[in-house]
Amino acid sequence: MRLILTAAAAAVTLSSPAFSQDLYGHVFGGYSAIQDPNFTGVVTPPGGQQSVDTRFGGGYNIGAAFGKSLPSLDFGSFRVRGEVELSYNTDDVDQIFFSGNGPAAEVNVAGDISTTRVFGNLIADLPTGGSFTPYAGFGLGVASTSTNLIYGPGVRLDDRSEGVTAQLILGTSYALSDNLSLTGDVRYIRDFSVDVPRFNPAGGLTGTVSDDIGSVNVNVGLRFGF
C-alpha cells in the first residue's frame, strides 16, 4: 500500500504542468542595455578630478545555469531553488563626454564594454496550478569586465577589471512539457567598482577612472530537467 501511494504521488507530481524537476539546466539570451556609466578619477592633463561620461546603444547577452531545487528553504507557497550561472554580455558605445574637453561630445568614438560573470543564485517559484509559474530571485558573484573605449585623437580606456557583482531577477516560466519550460525574465545587474586606466594616444598612462556599472537584461530561454 505504501509503495502504491508513493507511486501515485510521483505520478501526480510528474503530471503537473508546473516545472518540478529536481535538477535542471537553463540556457537564455536576449537584449542588454548598460546604464551609461560616468567614470570619474584623477586624470592628467588637464589634472584633478575628471569624468568620462559614456552613452551606450543596445547589446546582447547569453548565459547558462545549472540548478537544483532546495525544498528545505521553501516558505509558504514558494518553492526555492539554487543555481550556478555563467553569463556574458557586450554593449557598443555611442557617445563619450570628457569633462577635460568641455561639454561637447568627443569625436572618433568607438569600442565596447564586455563582461563575463559567474553567479550563485537563489530563486523562488510561485506555482499557480497552471502552465505559468512566476519567479523572482537574486544572485551574488564575480565579474570580469573588459573596457575598450576610444575617443578623440586616440585616447583609450582599456583594461580588464575583476570585482563583485549582484543581480535581481523577475520572470515567469511556461511549461511546454513535463521536463521543458519556456522562460522570460528581466535582470538588473550591478558590477561594483570597475576601475579603468586611461591612456593618451602615445600609450602613456594618464590616470584611472572608476564607476559601478548597471545593466538591464531582457531574456528568453529554455529550462529543462535531467
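The values are calculated or read from the model by the stated rules, or taken from the named source; none is laboratory data. Just so we're clear, the structure is a prediction, and the values are computed from it rather than from any experiment. In this analysis, Cβ positions are derived from the backbone assuming ideal geometry, glycine residues included, and neighbour counts consider all displayed protein chains.
Odds and ends about this structure:
- Count of residues meeting criterion [over 12 Å from VAL216 (Cα atoms), without any contact (Cβ under 8 Å) to a residue 60 or more places away in the chain and surrounded by 14 or more Cβ atoms within 10 Å (Cβ to Cβ)] in the stretch 34-62: 4
- Being assigned to a loop (DSSP other than H, G, I, E, B) and aliphatic (A, V, I, L, M) holds for only one residue in ALA124, ALA104, ALA33, and it is ALA104.
- Residue match in the stretch 80-95 (condition: modelled with pLDDT of 95 or more, among the small types (Gly, Ala, Ser) and at positive phi): no
- ASP125 vs. criteria under 25 Å from GLY58 (Cβ atoms) and surrounded by 14 or more Cβ atoms within 10 Å (Cβ to Cβ): no
- Comparison of ASP178, ASP112 shows that the only residue that is more than 17 Å from the chain's Cα centre (by Cα) and of a type in the set (Asp, Glu) is ASP178.
Residue by residue, here is whether (1) outside any strand (DSSP E or B); (2) of a type outside the set (A, V, I, L, M); (3) without any contact (Cβ under 8 Å) to a residue 40 or more places away in the chain; (4) buried (at least 21 other Cβ atoms within 10 Å of the Cβ) holds:
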| position | (1), (2), (3), (4) |
| --- | --- |
| GLN167 | no, yes, no, yes |
| TYR188 | no, yes, yes, no |
| VAL194 | no, no, no, yes |
| PRO201 | yes, yes, no, no |
| SER215 | no, yes, no, yes |
| VAL218 | no, no, no, no |
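- Picking from residues in the stretch 128-165 that are farther than 15 Å from ILE189 by Cβ and touching a residue at least 60 places away in the same chain (Cβ under 8 Å), the one that is surrounded by the fewest Cβ atoms within 10 Å (Cβ to Cβ) is GLY129.
- The residue that is farthest from ALA136 (Cα to Cα), among those in the stretch 180-196 that are polar (S, T, N, Q) and touching a Lys or Arg at 6+ places or on another chain (Cβ under 8 Å), is SER181.
- Condition met for SER210 (closer than 30 Å to GLN50 by Cβ and in a strand (DSSP E or B)): yes
- Filter result for SER173 (hydroxyl-bearing (Ser, Thr, Tyr), part of a strand (DSSP E or B) and crowded, with 16+ Cβ neighbours inside 10 Å): yes
- Selection from the stretch 63-90 of residues that are farther than 16 Å from ARG223 by Cα and touching a Lys or Arg at 6+ places or on another chain (Cβ under 7 Å): LEU70
A quick yes/no check of all residues on (1) among the aromatic types (Phe, Trp, Tyr); (2) within 30 Å of ASN179 (Cβ to Cβ); (3) surrounded by fewer than 20 Cβ atoms within 10 Å (Cβ to Cβ):
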| site | (1), (2), (3) |
| --- | --- |
| VAL27 | no, yes, yes |
| SER32 | no, yes, no |
| LYS68 | no, yes, yes |
| SER77 | no, yes, yes |
| PHE98 | yes, no, no |
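- Residue list for the stretch 170-226, restricted to those being within 23 Å of SER114 (Cβ to Cβ), in contact with a Gly (Cβ under 8 Å, 6 or more places away or on another chain) and β-branched (Val, Ile, Thr): VAL186, ILE189, VAL194, THR208, VAL209, VAL218, VAL220
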